[in-house]
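A.B. asks: Attaching a single structure in structure tokens format; questions to follow.
A short reminder: the numbers here are calculations on the coordinates, not readings from a lab. Please read all numbers here as calculations on a predicted model, not as lab measurements. Ideal geometry is used to build each Cβ from the backbone, glycine not excepted, and the neighbour counts take in all protein chains shown.
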Amino acid sequence: MDDSAVCAQQRYDMLRAGLDQLDQGFTIFDAGLRMVSWNRAFLRLLDFPEEMAYVGAPFESFIRYNAERGEYGPGDPATLTARIVGLAGNFAAHYAERHRPNGRIIAVRGAPLPHAGFMTLYTDITEQRHYEGLIEEQNQALEARVHERTAELEAAHSANLDITASLRRSEARLRLITDRVPANIGYFDNQLIFRYANQGYSNWFGLPIEEIVGHSTASVLGPTVWPTVRDNVLRGLSGQQVSYEYSLTRADGRPVFARSTLVPEFAPDGTVLGCFVLALDVTEQKRTQAALAQAQKMEAIGQLTGGIAHDFNNMLTVVIGNLAVLREQQGDDAGIAEYLDAALQASRRGVDLIKRLLAFSRQQPLAPRTVDIGRLVQEMAKLIRRSLPESIALHPPSGEGVLLARVDPNQLDSALLNLVLNARDAMPQGGTIRIGLETQRLAGEEAEAHELPPGDYVAIVVSDDGLGMDGATQARVFEPFFTTKPFGKGSGLGLAMVYGFVRQSGGCVRIDSTPGAGTSVTLLLPALPAETALLEAPADPAGPLGNPDRLVLLVEDDPEVRRIVRMQLIDLGYPVLEAENGPEALSIIENVPDIAILLSDVVMPGGIDGRELARRARRQRPGMRIVLMSGYAYGNPDDDGGPAAEPALPMLGKPFEKRQLAAILQTSET
């Protein structure tokens, strides 16, 4: 299994684990009505055995299981199964509520997918229906009580005071009940005036009950919500029971969502007196659905990025290899060398770009190293500038000398990009973003306040003159999934990721913001002394570059890449044999006992990739030195679950230059 498969499996396991945390059941069936995905809530809500659910399980098996245990009522199970499976094959959106034998009510909502097949959500709405029934019973009880007391008033005017008091007690008891129900309950008459609101309704709109009762629906709902629900309200007053969803923005800027049902009240002559309102908060359900969609989108982006990185790195291997040969052969010609140096520099920037793409899609592991922060920020500012509209000016830091810190440069790039894009979004009308860079010394109480050891820190400051944040928002800004952006415009993970990366790097994040006066975000990273750069500078390989007594077997499916690597090996003094795939390489290893070094690509066709080839070569020739090449992800090539007892193999990331190839081959021979 190659790294891409490992990463895909990890992402799949993470997605499955996340889906298993949901209270809602979830299934996806493909165009052939075969199961693609599910979660544990689906099995639990519908009492299916776990062994029934697997990738490829037929939809018909679940329907037949239900029919045989009487879930669909009386009738021949085979006939019931055929009818339901036939309907499912239409791949149409559908909604149904199933009353299960155990008394639970399950809402089943299905939606077709772009390539046929469908996704279905299963929600336990037993409690919701219970509360609706309770409210209806209470309304009926209230109506009956009012009629009863009214008759008594007409029959015995002398008992008026006692009856009035009793009615007030009944209303108080009813209000006590409705105030305790976890739903927003109200009533408005046919003049669109609210006549009742429970405490939940009051809390939902952030208004005292006295500012709801006696006021118009338009004034209570406000100029944003009222236009979106007006047509549904008029339908309710026409005598229809209506259900709909709407959203509103709370005073703290947080969007919330509600699902409302309007139940008309009729007079004896059939006219509509008004409508009862039952509304439930469905914000978390909406956020769960959005988080699932975001996770699926990020998975697709990661797969696309990985494929681009692999192919692009192979192309860069060919480009850099040919340019390096030309540079060696034509280096004495200053005119040609100038063009070759520029081309090599541009190609190496392409390598850095691919690394940033892999870091963005989280397919490159955390790799801290000594970084010149000033240089990194300057380079990143050039890329960031292209993401900003003309209405926003970006001022990068001026020269501050060499400021060093030990961090993962790709993660720091992503953090800076997150902060600048947040600043951009806080200035919809334009403004200025400034990136500052300095050294700060923390000691005593200041270091304790930041939970950091005393010492010198590199401070990266990203500031804007945008909308700013209040204290309540600043207190929650690093919480995962917390966002002040409009629903669907942000996952709420950006600053949480920045915080986690900086803390993991031994630093902290500090935010200073005032509503209407802008925001300043400071990243503090432990500073390193300037001489650290010299201590970590890579040394050129010493001694002879190659070894004519060490026969190398080069395995690479791309002929242009294979040609470049062969030329580099020959220039280094190694004799070379070539193979274009794993089976051909195994045949050569079996028949040529003089092979000393195996240099193989990781991703290859033919059923045997580089890792599998390495395992088989180890078994046949335990003394052979093995080096793998990869243009996709770097790290331990045995991370795909191979035997723990096998030693790790050296990995050479594409594209590479001849000196890097020489260094890793010499290392493999020591």
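A.B. asks: Which order results if C7, C508 are arranged by neighbouring Cβ count within 10 Å, fewest first?
C.D. replies: Starting with the residue having the fewest Cβ neighbours, the order is C508, C7.
A.B. asks: Sticking with this one: Of K286, K654, K382, how do they rank once you tally other Cβ atoms within 10 Å and put the fewest first?
C.D. replies: So the residues, fewest neighbours to most, are K382, K286, K654.
A.B. asks: Can you give the FRET efficiency to the nearest 0.05 for L113 and D231, using r as the Cβ-Cβ distance and R₀ = 30 Å?
C.D. replies: 0.50
A.B. asks: I need the calculated FRET efficiency for the pair V282 and Q138, taking r as the beta carbon distance and R₀ as 22 Å, to the nearest 0.05.
C.D. replies: Efficiency at R0 = 22 Å is approximately 0.45.
A.B. asks: For region 1-135, what is the convex hull (Cα atoms) projected area averaged across all directions, in square nanometres?
C.D. replies: The number I arrive at for region 1-135 is 9.8 nm².
A.B. asks: Once R0 is set to 35 Å, what does the formula 1/(1 + (r/R0)^6) return for the Cβ-Cβ distance between E60 and A17, expressed as a FRET efficiency to the nearest 0.05?
C.D. replies: 0.80
A.B. asks: How many angstrom separate the Cα center of region 21-91 from the Cα center of region 399-441?
C.D. replies: If you average the Cα positions of each part, the centres end up 51 Å apart.
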